[in-house]
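Reading through the C-alpha cells given below for one structure.
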Amino acid sequence: MPETRLPIRIAGLRPLPALALILIGAGLGGCGGGDFGRTRQDFRNDDMHRWLGAEVTGSVGLKPSEFQLTENERQLRDLAYPLIEPPRSRPAWKSVFGDYQPLPSPWRQKVAFDRAAYGRTLIDEPHRSHASRYSQLIEDVRNDITRFEPFFAAAQRVVELDRKRNAGLKMVSELSPRERDDAVARMEENTLIVQWVQQCLERRISSYRWALERLAIQAPDNIAADADRLIGELAAQTANPPVAAQPVIGRAVTVRG
C-alpha cells in the first residue's frame, strides 16, 4: 500500500510530508542537552561537582568525607571544574547533548600529558582565517585569567577555615573516630583539589605556548605578541598563587601572607 503523505504548506516554502515533520520533532525532543549548549537540567544540582573530592581522595587511596559540603567548599569545587576541564576538550555541539562527565585526577591518569593536544585541535579546526585561531587562543587564555582570582579567593577562604577546623579537633568533646576521620578527609579533599587546579594551570600554560609557537611559524601575525603577553600573565599568576599547595599528599595547603 503506497505511503500517504499529507502536504503541509508554508508561504514561500516547499510542502513537507507530515512524516518528515514527525521525525524532525522526535529528533529535537530526543536531544538530551539544554538549549543553546547549556548543560541539561538533570545534570544541574547544588552538589554537581561534589565528585571532585571523592575523585582526588580515591585516586590516592584515601576515603572521601561523609560530611555535607559547606557553601565555601561547594563554591571551591564549582570554580575548580572549568580550570580542570582541558580547554577545547568539549566542542560546542557536544555540550548541547549535555555530555558532562567526571574527569580523572592527575594522580589516576596513566597516559602522559599531551601538551600538543590543545594546539592540534585549535589548528585543525576549520577557521575562516588564521587570525581567528589567534583570537580563539587569546580568548581561552583570557578566560583562565578571569577564572584565576575567583578560584583562589575561594581556595583561600576554605584553607583558612580548614586551619581553624584542624585546631578545633583538639577541643571537641567526645570526638568520635568517625567524626575525626571525616574532618581530616574533608581537609585532604580540599587540599588535593587546589593541587589539581594548580597542576592543570601549569599544563594549560604549556599547551598554550605549544599552540602559539606553531601558529607563529604556520601563520605569522603581529597579534601573536598579544597572545604571548597574556600567556606570560597567566604564567606569572600561576607561579605565585595566593594559596600554595604542598607537594606532600595529606598535608594542608599554606596561605601566603
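Return the ratio Rg/(2.2 N^0.38 Å) for segment 45-255, where Rg is computed over Cα atoms only.
It is 1.14.
Modelled label-to-label distance, Lys63 and Arg108, 7 Å Cα→beta-carbon offset: nm?
In this crude spin-label approximation the distance works out to 1.9 nm.
How far apart, in nanometres, would the label points at Glu179 and Arg115 be if each is projected 7 angstrom from Cα along the Cα-to-Cβ direction?
Taking the two extended label points, one gets 4.9 nm.
Assign unit charges at the C-beta atoms only (+1 for Lys and Arg, -1 for Asp and Glu), then state the dipole size of segment 45-255 relative to its Cα centre in Debye, rounded to the nearest 20.
Numbers: 29 positive and 30 negative charges, 74 e Å.
The dipole of segment 45-255 has a size of about 360 debye.
Test of understanding: ordering Asp144, Asp47, Asp226 by Cβ neighbours within 10 Å, fewest first, what list do you get?
Ranked by crowding around the Cβ, least crowded first: Asp47, Asp226, Asp144.
With label points built 7 Å along Cα→Cβ from the Cα atoms of Trp51 and Lys164, find their separation and express it in nm.
Taking the simple label geometry, Trp51 and Lys164 are separated by 3.2 nm.
None of the figures in this text is laboratory data; all of them are computed from the coordinates on show. Please read these numbers as outputs of a predicted model, since none were measured by experiment. Cβ atoms come from the backbone with ideal geometry, glycine included; neighbour counts cover every protein chain shown.
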